[in-house]
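Asker: Okay, here's the structure, questions in a sec.
The values are calculated or read from the model by the stated rules, or taken from the named source; none is laboratory data. Keep in mind the model is a prediction, meaning the values are calculated, not measured. So basically every Cβ, Gly included, is an ideal-geometry build from the backbone, and we count neighbours across all protein chains shown.
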Amino acid sequence: MYGGSTVAILLNLPGTAASAVVALDGHAMAKQGRAGPALVITTLSSFFGGCVAIVIVSAFAPPLAQFALRFQSPEYFSLMVMGLLAAAILVQGPLLKGIGMVLLGLLLGVVGLDSISGMPRYTFGNLHLFDGISFVVVVIGLFGLAEVIHNLSLSGRNQAFTKPVPWRELIPTKQDMAASSLPTLRGTALGSFLGVLPGAGPAIASFAAYAVEKRVTKHPEQFGKGAIAGISAPEGANNAAAQTAFVPTLTLGVPGDAIMALMLGALMVHGLTPGPQIIQNNPEFFWGLIASFWLGNLLLLILNLPVVGLWIRLLAIPYRILFPTILAFIAIGIYSLHRDPFDVYLVMITGFVGFVFIKLRMEAAPLLLGLILSPMVENNLLRSMLISRGDPMIFVERPISAAFLAATLVILAVVVAGSIRRWPRRPTPTPTNQGRNHP
């Protein structure tokens, strides 16, 4: 999960949904000339989150799997509603902007064929949209291409992108390490929990960790402007979630995402049957897998920390050379997805839309989470309604689902109350004495 944060921080080009959250503050730090500390902090947070999650997987896999079995469609729907609200409060400014972006993402997510009836929705007769709108197209357009267009629209470039950075400035300060330690711990704990739930995944963990840090911090106004907690918490969360996602895959045979589905297929090919007894029946496989986790986590440090300075030198490339290179790689990467020129046209459209969002100060991260969760929200809502025969009380009758909905209402109440307190009020006129001159 770590690799996507590098280009997210340097060029505002997140390759994954989880790294899209890191781009909010990481790219702001790069513009301030602090890309080095940002990359080092994300590396250390990723390493810590992965290590803690490996211990959790190796020690508590069977009981965690039994806990995950308690989650069914109503619980997943309530959890995703809470996650979408958490994404909405990420934005700087009015809550309505965040909710509007989440709703727009949900609408984009329903484009394509209906999962139940098979009827096309919002395709306007275009065969290219029958498979839906690709997440990669949207994220590259809204973040990468929009950033390029925005930079070209400015009269001058930020000097932090053109001057060489001394190696001493690549090392985080004591203040950076202190400011990132607790967010990394909280993000790791949250990511470890969400990773166990099939379908939650690293993306939700990153968004949730960012939202939590923005709520608990004493300086929420710094988020989106280069806050260390805005990169350390999501990185710890998404790496922890990526590791603990192996719990339901190995012990229940329930993959949480496409990557885990691929892993499950690999297990089947090798004649391994996932289940609660996989540790006892195949100890050499399970502990070999744990050893590979440790090795991969160690290589994360070895391969990334020494080359931070090399990545920073990318920013010293003149922008007249850098931006056409970025555009060329965007076009090649998008075309290689389905070998369809329509994807290239679509990323151009989303790029200009993203540029408009930048001008309107509307953050695109909540839209991305809405786009990702839209099919899962719809499917779990429909399944819940089928189970209850159309009775919506199923969401409050089940304890875990009711707890998530209650937490959602509490979060919403806190955010609305804070907005009301900050609402500008007309000053009360002070009485003055008639006929007397006051200095």
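Asker: Evaluate the following for A59: is it over 18 Å from the mean Cα position of the chain (by Cα) and surrounded by fewer than 21 Cβ atoms within 10 Å (Cβ to Cβ)?
Answerer: Values: over 18 Å from the mean Cα position of the chain (by Cα): yes; surrounded by fewer than 21 Cβ atoms within 10 Å (Cβ to Cβ): yes.
For A59, the condition - over 18 Å from the mean Cα position of the chain (by Cα) and surrounded by fewer than 21 Cβ atoms within 10 Å (Cβ to Cβ) - is met.
Asker: For the range 409-424, indicate whether the set of residues that are assigned to a loop (DSSP other than H, G, I, E, B), modelled with pLDDT under 85 and not hydrophobic (A, V, I, L, M, F, W, C) is non-empty.
Answerer: yes
Asker: Still on this structure, I have one more. Using the structure shown, decide if G253 is out of contact with any Gly (no Cβ under 7 Å at 6 or more places or on another chain), surrounded by fewer than 24 Cβ atoms within 10 Å (Cβ to Cβ) and in a loop (DSSP other than H, G, I, E, B). Spell out how you get there, then give the answer.
Answerer: Numbers: out of contact with any Gly (no Cβ under 7 Å at 6 or more places or on another chain): no; surrounded by fewer than 24 Cβ atoms within 10 Å (Cβ to Cβ): yes; in a loop (DSSP other than H, G, I, E, B): yes.
The answer is no for G253.
Asker: Where in the range 167-247 are the helices (runs of 4 or more DSSP H), entirely inside, with at least 1 residues that are out of contact with any Asp or Glu (no Cβ under 9 Å at 6 or more places or on another chain) and among the hydroxyl-bearing types (S, T, Y)?
Answerer: Working: elements: 174-196, 201-216, 229-244.
Hits in the range 167-247: 174-196, 229-244.
Asker: How many residues are crowded, with 17+ Cβ neighbours inside 10 Å and either among the hydroxyl-bearing types (S, T, Y) or over 30 Å from D131 (Cβ atoms) (or both) when one looks only at the range 320-346?
Answerer: The total comes to 2.
Asker: Would you pick out the residues in the range 6-19 that are under 11 Å from the mean Cα position of the chain (by Cα) and either more than 21 Å from I259 (Cα to Cα) or at pLDDT 80 or above (or both)?
Answerer: S19, the sole residue that qualifies.
Asker: Within the range 201-228, work out how many residues are surrounded by 24 or more Cβ atoms within 10 Å (Cβ to Cβ) and more than 14 Å from the chain's Cα centre (by Cα).
Answerer: Count: 2.
Asker: May I pose another question? Which of the residues spanning the range 117-128 are loosely packed, with under 10 Cβ neighbours inside 10 Å and assigned to a loop (DSSP other than H, G, I, E, B)? Please lay out each step first, then the result.
Answerer: Of all residues in the range 117-128, those loosely packed, with under 10 Cβ neighbours inside 10 Å come to 117-119, 124-125, 127.
Of everything in the range 117-128, those that are loosely packed, with under 10 Cβ neighbours inside 10 Å and assigned to a loop (DSSP other than H, G, I, E, B) turn out to be S117, G118, M119, F124, G125.
Asker: Quick check on the range 217-266: of everything there that is modelled with pLDDT of 80 or more and among the charged types (D, E, K, R), which residue is nearest to W287 (Cα to Cα)?
Answerer: Looking at the filtered set, the residue picked out is E235.
Asker: Sticking with this one: Take the conditions crowded, with 20+ Cβ neighbours inside 10 Å and either of a type outside the set (K, R) or touching a Lys or Arg at 6+ places or on another chain (Cβ under 6 Å) (or both) and apply them to L367. Does it pass? Break it down stepwise before answering.
Answerer: Numbers: crowded, with 20+ Cβ neighbours inside 10 Å: yes; either of a type outside the set (K, R) or touching a Lys or Arg at 6+ places or on another chain (Cβ under 6 Å) (or both): yes.
Criteria met by L367.
Asker: Here are some residues: A28, A53. Which one is in a helix (DSSP H, G or I), crowded, with 24+ Cβ neighbours inside 10 Å and either aromatic (F, W, Y) or at pLDDT 85 or above (or both)? Before the answer, list the steps.
Answerer: Values: A28 fails: crowded, with 24+ Cβ neighbours inside 10 Å.
Within the list A28, A53, the selection yields A53.
Asker: Of the residues that make up the range 95-111, is at least one in contact with a strand residue (DSSP E or B) (Cβ under 9 Å, 6 or more places away or on another chain) and either in a helix (DSSP H, G or I) or surrounded by 19 or more Cβ atoms within 10 Å (Cβ to Cβ) (or both)? Explain how you work it out, then say what you get.
Answerer: Filtering the range 95-111 for residues in contact with a strand residue (DSSP E or B) (Cβ under 9 Å, 6 or more places away or on another chain) gives 110-111.
Now narrow it down to the ones that are either in a helix (DSSP H, G or I) or surrounded by 19 or more Cβ atoms within 10 Å (Cβ to Cβ) (or both): 111.
Looking for residues that are in contact with a strand residue (DSSP E or B) (Cβ under 9 Å, 6 or more places away or on another chain) and either in a helix (DSSP H, G or I) or surrounded by 19 or more Cβ atoms within 10 Å (Cβ to Cβ) (or both), one finds at least one in the range 95-111, hence yes.
Asker: Looking at the range 216-235, can you tell me whether even one residue there is free of Cβ contacts under 8 Å to residues at least 60 places away in the same chain and aromatic (F, W, Y)?
Answerer: So far as the range 216-235 goes, no, none of its residues is free of Cβ contacts under 8 Å to residues at least 60 places away in the same chain and aromatic (F, W, Y).
Asker: I'd like the full set of residues that are hydroxyl-bearing (S, T, Y) and at pLDDT below 90, limited to the range 327-383.
Answerer: In the first step, residues of the range 327-383 are kept if they are hydroxyl-bearing (S, T, Y); the result is 335-336, 345, 350, 374.
Within the range 327-383, Y335, S336, S374 qualify.
Asker: Residue under question is Q66, and the condition is that it be at pLDDT below 80 and either in a helix (DSSP H, G or I) or within 25 Å of N239 (Cα to Cα) (or both); does it hold?
Answerer: Values: at pLDDT below 80: yes; either in a helix (DSSP H, G or I) or within 25 Å of N239 (Cα to Cα) (or both): yes.
In short, yes.
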